[in-house]
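One structure is given below, encoded as structure tokens.
The values are calculated or read from the model by the stated rules, or taken from the named source; none is laboratory data. Computed from a prediction, not measured in an experiment: that's the story for all the values here. A quick note on method: Cβ atoms are made from the backbone with ideal geometry, for glycine too, and the neighbour counts reach across all protein chains shown. Please note that ligands, DNA and RNA were not included when accessible areas were found on the heavy atoms of the full protein model with its side chains. Shrake-Rupley method; radii C 1.70, N 1.55, O 1.52, S 1.80 Å.
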Amino acid sequence: MHQDGLNESLIQDCEQIMLSEFSSYRKQLKLRYDDHLSLFGSSRHHFEEGKDGNIIQGALTKNEFSSSRHGNFSEYSTTESDEFEKQDGGELTCEEDSTFFDAADYFIESNSRSSTMSDSTDCGVHSATNIDNPGGQEAVDIQIQDSNNMLPEIKRRSKLPEPTEKEKGISLWSIIKDSVGKDLTRVCLPVYFNEPLSSLQKCFEDFEYSYLLDQAYEYGKVGNSLMRILKVAAFAISGYASSVARPCKPFNPLLGETYEANFPDRRIRFFAEKVSHHPMLIACHSEGKGWKFWGDSNVKSKFWGQSIQVDPVGVLTVEFDDGEIFKWSKVTTTINNLILGKLYCNHHGIMHIKGNRQYSCKLKFKEPSLLDRNPHLVQGFVEDNDGKKAPFLIGKWDESMYYTNLDTSKVKSADQLQGASLLWEKNKPSPNPTRYNLSSFAITLNELTPELQEKLPPTDSRLRPDQRHLENGEYEKANTEKLRLERRQRMSTKLQDNGWKPRWFEQDAEDGAYHYKGGYWEARDEGRWDGCLNIFGEFSET
């Protein structure tokens with residue numbers, strides 16, 4: 001092209017077209033390669049099981065058909081950090097996109113090995129970057145097929161109902177004038193500021209990528225503790241992915257309000273209850289395949305006119321069936337440009353995931369600056385009991401996370417990254433966008449079918465009238481019901497002072513944390529909700 005006298009701009013355009021076509025071809029090759037791996041892994045599994053009665057975990061070497069992920073790192077620049085090593089990445093293995101579902105009416109336990117991802121093109125076993133581990137094994141990204149025990153397919157909604165009314169404007173200044181410096185949980189905001197989800201449901205939204213905990217469980221079973229904590233770290237980060245461009249706040253639950261989510265198609269069930277009004281505390285408990293998760297959260301928030309700062313207080317815990325435990329707390333969230341400019345949120349601070357055995361992990365959510373070219377950056381490392389730091393993590397909480405053994409202190413562009421492997425990647429956005437910018441997973445959380453309604457207690461968030469009216473676009477009714485329930489909510493402090501106690505959780509006398517005491521799912525099976533208050537009904541002060 002130079003010899004023909006073409007200008008440099010045209011040559012660069014042609015080069016970009018060729019690179020784009022080549023990248024598409026590489027992705028097709030990678031998908032074909034994964035299909036072959038899946039077939040090979042399944043055949044090998046049956047052959048070895050028939051040979052000696054045991055399932056032998058194989059290790060596959062990495063093929064050259066690694067999918068490039070340079071686009072995710074295109075804006076990365078080197079930044080200083082006193083506590084964190086800088087990361088490196090490059091030719092990256094990709095994981096298949098997953099399809100997730102909301103609460104169902106039953107829960108299936110199974111002792112057979114099952115797929116941790118529900119895409120129709122599940123892989124067998126993926127190879128990953130070699131990292132040190134006590135057993136001297138190669139790190140293998142485990143995705144086990146469940147050919148003998150197929151999980152149920154449950155159809156759930158993919159969009160919200162069409163609104164029945166046109167939304168009206170509101171006066172911001174009168175609200176701001178009376179709210180600056182106050183605890184946001186005590187401020188009465190019109191329903192237009194809310195999204196049709198409660199804070200209880202938002203807690204469960206963190207489990208959109210629960211397959212990461214399933215993978216962590218499988219890694220532990222084959223003795224790979226290092227990959228286990230990497231998957232736990234990816235899960236802890238993935239809960240922030242859905243917070244991008246969410247302009248509205250969730251409903252503040254009433255005292256005693258509950259929410260259940262039951263996923264037989266993913267072998268997970270979740271339950272949460274608001275256990276205290278002031279301080280506002282939510283306790284939750286979840287059970288998956290080979291793991292349990294619990295925690296309580298006291299969200300402290302301040303409204304400063306142009307921004308809101310939310311500081312979560314509470315510890316989240318995941319325990320695997322073999323006794324390994326990891327604990328961590330969430331980082332600070334700041335919501336900016338409430339009045340002028342485009343609304344956006346940032347998560348910043350240090351997350352320390354503490355393990356009770358060999359490994360722990362430290363993650364730094366970078367606080368953005370005015371001229372930041374690298375927003376949403378998360379960097380960290382895994383550390384053993386002797387203080388050795390490896391491997392390292394790098395990525396963005398709204399896109400993807402990678403791990404690598406290489407020192408990336410001198411890396412300034414994605415082209416220099418080599419040897420990093422994909423831990424987690426955000427799902428594609430909903431094909432049916434809403435004004436609340438809900439993900440496909442979040443759209444299903446407030447779905448209420450007649451069959452499910454018959455089984456729910458009167459305290460479930462899906463039965464809350466103002467939230468239901470808002471989802472249906474009945475804004476006048478929603479606002480009227482919200483004001484009524486907030487007047488009732490003011491009586492919660494009196495109820496709490498008179499000795500009210502949570503129905504399904506109890507407080508630990510030593511550390512003050514709330515733990516699930518059991519009984520909810522048994523009561524659900526029997527349809528026995530004696531003693532559950534009709535918290536959304538009319539209330540008499542007498």
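Here are a few things to note about the model shown:
- List 267, 503, ordered by accessible area with a 1.4 Å probe, largest first: 503, 267
- Segment residue 386-residue 336, extension gain: residue separation times 0.36 nm, minus the distance between their alpha carbons: 13.9 nm
- Cross-link pairs exceeding 27 Å in C-alpha to C-alpha distance, out of 166/249; 202/428; 231/330; 155/517, comprise 155/517.
- Förster radius 22 Å - calculated FRET efficiency between residue 517 and residue 454, Cβ distance, rounded to 0.05: 0.30
- FRET efficiency for the pair residue 13 and residue 158, taken as 1/(1 + (r/R0)^6) with r the Cβ-Cβ distance and R0 = 35 Å, rounds to 0.35.
- A crude spin-label estimate for the pair residue 1 and residue 491, with each label 7 Å from Cα along the Cβ direction, gives 7.5 nm.
- Listed peptides 316-328, 245-257 by packing density, highest first (mean Cβ within 10 Å): 245-257, 316-328
- Equivalent-ellipsoid semi-axes of the stretch 387-539, from the Cα gyration tensor, Å, largest first: 43, 25, 17
- Simple spin-label estimate for residue 322 and residue 306 gives 5.2 nm between the two label positions (7 Å along the Cα-to-Cβ direction from each Cα).
- Estimated FRET transfer efficiency (residue 508, residue 348; beta-carbon r; R0 45 Å; 0.05): 0.90
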